[in-house]
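Please treat every number below as a calculation from the coordinates, not as lab data. Note that the structure is predicted; figures quoted are calculated from it, not measured. When we count neighbours, we look across all protein chains shown, and the Cβ atoms used for this are built from the backbone with ideal geometry, even at glycine.
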Amino acid sequence: MIGYRFMGKAHSNAWRQAPHFFPLKAKIKLDTICGRNAKGVEAARDQLGWENASTDWEAVVNNPAIDIIDINTPNDSHAEIAIAAARAGKAILCEKPLGLNVKQCEEMVTAVKKARVVNMVCHNYRRIPAIAHARKMIEAGALGNIFHYRARYAQDWIVDPNFPLVWRLQKGVSGSGTHGDINAHIIDLARYLVGEFSDVCGLMHTFIKERPLEDSAAKGDGLGGKGSRKMGKVTVDDAAMFIGRFKNGALANLEATRFALGRKNNIVVEVNGSKGSLVFDFEDMNRLKFFNNEDPAGLQGFRDILVTEPGGKHPFVGNWWPPGHIIGYEHTFVHTIADFVNAVVDGKSVQPTFEDGLRNEQVLEAVEQSAKTQKWIKL
Ligand SMILES: NC(=O)c1ccc[n+]([C@@H]2O[C@H](COP(=O)([O-])OP(=O)(O)OC[C@H]3O[C@@H](n4cnc5c(N)ncnc54)[C@H](O)[C@@H]3O)[C@@H](O)[C@H]2O)c1
């Protein structure tokens, strides 16, 4: 594992939990965790339960005892690490967004195809049971023809103008701001639930143009930190939104912001079709709301489905607890890693692959281009 903070912790927990709850086709050994700071990575090794700590990702990637590389670093190093890992013949799980731009993502896809290694991009929200169930319902025709996909991903952690210029606010490290960080997730859900985009029209905005530089002595993780007195330019968007069309004729309306006070990790998705509608809210993630237009007229309304039924009725949850004993954020990573491990043993990638990461980046870049030129962009 390369990178040991927010996602490093979430993934370490998932690597550890997956074999306790899911039938895996191989045993997992947590061999080496890697970061840039020797003291920090050693503390992470100890707390997160890895055997070795390293500050040299190239040595880890080329270690013949290691089969899988899990990339949890900021976005500017995904491509270099993943391409080296593919060349070394490793299976790769990479955090999103796959790369900094379309060019990098194309190189990553080429590398994994050439090396024929199993690859996956960590869009973990696909494996929320309610979302996976929504996908099954849509595939089975429960909504009929899809008219609308609307989604909103709202947070509030940088409203304070004194919040420092962390890596997520520097284009060179992150590629884009709110757009690649969280719009990427609802773009992925759009592609998962509805299909491919055909054209987009975007708007991106930066509310706070300058912020205190991060105090290097008190450098925090990607979502925290402390500001110094010196100021630096914010080079990414604070909010990004777009409308668009899907190839199947449905319409899209997406909004992502880090400026919605009170919204912490608010992901709301609504899909409307000719036979019904589905609504999902991450802050109530064990539930799915379903309106079925075929219900008798006097009894119509949104049903509230508690997505915790075992026996294959609802995805993933049967491996956890009895019905109604709900699950949370961390479980989405366990589901992702359980499926990934079995894919590695089978030698066959499962969704979402690096190809999905590339398609996602193509949408991100098209929206960016549209916002810049104030024109619709075809994909
Ligand atoms: N799937 C999700 O829901 C989700 C959520 C948060 C973050 N992410 C993604 O995960 C990635 C990491 O984000 P984070 O929030 O964990 O960041 P973070 O700042 O909390 O942690 C980054 C880690 O990478 C390490 N690192 C940086 N450069 C390195 C290098 N060259 N070699 C070795 N280690 C290096 C740092 O030491 C640190 O441990 C990003 O791509 C981000 O977009 C995904």
**OP:** Compute the label zone of Asn248 within region 273-310: residues whose backbone N is under 15 Å from the point 7 Å along Cα-to-Cβ.
**Re:** 273-278
Subject >> Dipole-positive endmost among Asn265, Ile128, Thr110 within the chain (Cβ charges, Cα centre) >> reply: Thr110
Subject >> At R0 = 41 Å, FRET efficiency that the Cβ-Cβ distance of Phe6 and Lys114 yields, to 0.05 >> reply: 0.85
Original post:
Are any of the pairs Lys264/Lys313; Lys27/Lys96; Lys136/Lys264; Lys113/Lys247; Lys27/Lys90 more than 22 Å apart by Cα-Cα distance, and if so, which?
Top reply: Lys264/Lys313; Lys27/Lys96; Lys136/Lys264; Lys113/Lys247
**OP:** Quote the relative contact order of the chain in percent (integer), defining contacts as alpha-carbon pairs under 8 Å separated by 6+ residues.
**Re:** 21 percent
**OP:** Identify all aspartates and glutamates with a Cα-Cα distance to Lys275 below 15 Å; exclude those on the same chain that are fewer than 8 residues away in sequence.
**Re:** Glu139, Glu294, Asp295
Subject >> For peptides 227-238, 278-289, sequence by mean Cβ density within 10 Å, most packed first >> reply: 278-289, 227-238
Original post:
Where in region 342-371 does the label zone of Ser198 land, with the point 7 angstrom along Cα→C-beta and an amide N cut-off under 12 Å?
Top reply: none
Subject >> Contour excess over end-to-end distance, with Cα ends at Asp160 and Lys136 and 0.36 nm allotted per residue >> reply: 4.6 nm
Subject >> Burial order of peptide ranges 139-149, 115-125 (average beta-carbon count within 10 Å, highest first) >> reply: 115-125, 139-149
Original post:
For region 78-193, with only Lys/Arg (+1) and Asp/Glu (-1) charged at the beta-carbon, what is the dipole magnitude about the Cα centre, in debye rounded to 20?
Top reply: 460 debye
Original post:
Given the chain, what whole percent of its Cα pairs are spread farther than 27 Å?
Top reply: 50 percent
Subject >> Label-to-label distance, nm, for residues given as Lys264 and Asp304 (7 Å Cα→Cβ offset) >> reply: 2.0 nm
Original post:
How about region 157-207: which chymotrypsin sites (Phe, Trp or Tyr not before Pro) there lie in a loop by DSSP and see at most 16 other Cβ atoms within 10 Å?
Top reply: Trp157, Phe207
Original post:
For region 62-127, what is the relative contact order in percent, using Cα pairs closer than 8 Å and at least 6 residues apart in sequence?
Top reply: 34 percent
Original post:
Suppose R0 equals 51 Å; then what is the FRET efficiency for Lys27 and Ala297 from their Cβ-Cβ distance, rounded to the nearest 0.05?
Top reply: 0.35
Subject >> Size-normalised alpha-carbon gyration radius of region 25-147, reference 2.2 N^0.38 Å >> reply: 1.28
